[in-house]
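Trainee: Mind looking over this structure? Questions follow.
Values quoted throughout were computed directly from the atomic coordinates according to the rules given, and no laboratory measurement underlies them. These numbers come from a predicted model, not from an experiment. Positions of Cβ are backbone-derived with ideal geometry, glycine not excepted, and every protein chain shown enters the neighbour counts.
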Amino acid sequence: MSASPDPWTPTADGIVVAVRVTPRGGRDRLGGGEGPWLAARIAAAPVDGKANAALIALVAAAFAVPKRAVTIVAGDTARLKRLRVTGDPATLAETARNLYAGEP
């Protein structure tokens, strides 16, 4: 039996994170894993980009980077998204590992 792959991939200038988003999910929360995806719950409805904007703000806060360092690279209108987070790849990967494990 093989383990699920990590939901993040290091790049030269940061990481790409696979996220499964639940819009209208109560309060905003990022953490825990759902298979090869990092789980995100967003209070905003997926209307007029509000859920995507809330997701970017949530990811930026969790990774301690400015919002401009987070971009959606795939899945703009889907629940399964890939986000690029720019910064130190090792630090970002450690943060992603902690978030996936459900740690703050």
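Trainee: Please give me the summed charge of the neighbours of R20: other residues whose Cβ is under 13 Å from its Cβ, Lys and Arg +1, Asp and Glu -1. Show your work: numbers first, answer last.
Mentor: Numbers: positive: R29, R41, R79, K81, R82; negative: E34.
Here the charged neighbours net out to +4.
Trainee: Sorting check: for 43-54, 8-19, which peptide has the highest mean count of neighbouring beta carbons within 10 Å, and how do the rest follow?
Mentor: On the way: 43-54: 15.1, 8-19: 18.7.
Per-residue mean Cβ counts within 10 Å order the peptides as 8-19, 43-54.
Trainee: Using only DSSP helix segments of four residues or longer, with each worth -39500 (n - 2.57), what per-residue ellipticity at 222 nm results for the chain after dividing by its residue count and rounding to 500? Present the calculation step by step, with values, prior to reporting the outcome.
Mentor: Values: 2 runs with 26 residues, N = 104.
Taking each H run of at least 4 residues, the total per residue is -8000 deg cm²/dmol.
Trainee: Same structure, new question: Could you tell me which trypsin sites (Lys or Arg not before Pro) in the range 20-49 are loop residues by DSSP with no more than 15 other beta carbons within 10 angstrom of their beta carbon? Numbers along the way, then the final one.
Mentor: Working: sites: R20, R24, R27, R29, R41; in loops: R24, R27.
Answer in residue order: R24, R27.
Trainee: Which of the following values of semi-axes √(5λ) of the Cα gyration tensor in Å was calculated from the structure shown: [x] 20, 16, 12; [y] 38, 12, 9; [z] 23, 15, 14?
Mentor: [x]
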